[in-house]
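Worksheet for the structure shown next.
The values are calculated or read from the model by the stated rules, or taken from the named source; none is laboratory data. This is a predicted model, so every value here is computed, not measured. Cβ placement follows ideal geometry from the backbone for every residue including glycine, while neighbour counts extend to all protein chains displayed. Note: accessible area is taken over every heavy atom of the protein model, side chains too, but ligands, DNA and RNA are not part of it. Shrake-Rupley method; radii C 1.70, N 1.55, O 1.52, S 1.80 Å.
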Amino acid sequence: MRSKEITQGFRDGTPIALGYFAVAFSLGIIAKKAGLTAAIGFVSSFFTRASAGEYGVYTLVAAQATYVEIIAMCLVVNLRYMLMSAALSQKIAPGTSWWHRVLMACCITDEIFGISIARKGYCQPAYTYSAALISTLLWASGCATGIVAGGMLPPAIVAALSVALYGMFLAVIMPSARNDRYVFHAIIASFVLSGVCSVAPVVSEWSNGTRTIVLTIVISAIAAWLKPIDKKENVNGQA
């Protein structure tokens, strides 16, 4: 069973890894401008795996910001992963050791969370680990490659590579939307409200990370109230 989960994790994580490489490549170009070496870029990307967070870090490094400013920025931008960790904890089998839970939380990215939460029944640690491993290696490699390549690619090509990740994320959430109309409505609401909040007075002045957190809490709370998950169905893989 464990080998099957590992194989499935690698298979599902490979498309994500390819998309990650393209996006991390563009981040590597930014890291190059900040004076980072390929080795440092690889290590920082391996342990971060967040495009917005890394972009902010490299920008602050280039501006010679203090460590406190960099840490504070990362905490604010990446707070949504705390919400994802809480949601994923409901998909972990009772009796799973605490260190497995901590490691699974450390593996979370938007896409890894998407494929993990979409699995029927409980999500096994081996599945999340293997999917996270292959995607993390290519994410870190993409950043290092971008640093080495420097600014050789035209800006239009770099922008086109970055768009690929958004298309891949849609491919992760669309199957669940087709199978559950409540999920579909929640996705549509998230798109609409995100667009409205980006131009609405006061709210538009919030950071992207803050808007994401607030919308996630509000939309998920309403969805949970309208369609609570039956625990028996969840265990049997029907929810």
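Taking N as the number of residues in the stretch 15-116, what is its Cα Rg relative to 2.2 N^0.38 Å? Please report the intermediate quantities before stating the final value.
On the way: Rg = 15.2 Å, N = 102, 2.2 N^0.38 = 12.8 Å.
That works out to 1.19 for the stretch 15-116.
Give me the lysines in straight-line cross-link reach of residue 227: C-alpha distance below 21 Å, same-chain residues under 8 apart excluded.
Leaving aside lysines fewer than 8 places away in the same chain, those within reach of residue 227 are 91, 120.
Hey, can you rank 103-110, 59-66, 77-84 by average C-beta count inside 10 Å, highest first? Numbers along the way, then the final one.
Numbers: 103-110: 19.2, 59-66: 13.4, 77-84: 17.8.
Result, highest mean Cβ count within 10 Å first: 103-110, 77-84, 59-66.
Considering the zone a paramagnetic label at residue 3 would reach in this model (a point 7 Å from Cα along the Cα-to-Cβ line), which residues of the stretch 102-133 have amide N under 19 Å from it?
Only 124-131 fall inside the zone, counting backbone N under 19 Å.
Expected output is a single nm value to one decimal: the length gained when fully extending between residue 46 and residue 103, i.e. 0.36 nm times separation in residues minus the C-alpha distance. What is it?
Values: separation 57, 0.36 × 57 = 20.52 nm, distance 1.43 nm.
Here the segment from residue 46 to residue 103 would lengthen by 19.1 nm.
Under the 0.36 nm per residue contour assumption, what length would be gained going from the current alpha-carbon distance of residue 194 and residue 63 to full extension?
Numbers: separation 131, 0.36 × 131 = 47.16 nm, distance 2.97 nm.
Roughly 44.2 nm would be gained on extension.
On a full-extension model of 0.36 nm per residue, what is the gain between residue 222 and residue 206, subtracting their alpha-carbon distance, rounded to one decimal in nm? The partial results should precede the final answer.
Details: separation 16, 0.36 × 16 = 5.76 nm, distance 2.20 nm.
Length gained, residue 222 through residue 206: 3.6 nm.
Counting only heavy atoms of the protein chains, get the accessible area per residue of the stretch 1-126 (1.4 Å probe) and round it to a whole Å² value.
On the way: 6760 Å² over 126 residues.
On a per-residue basis, 54 Å².
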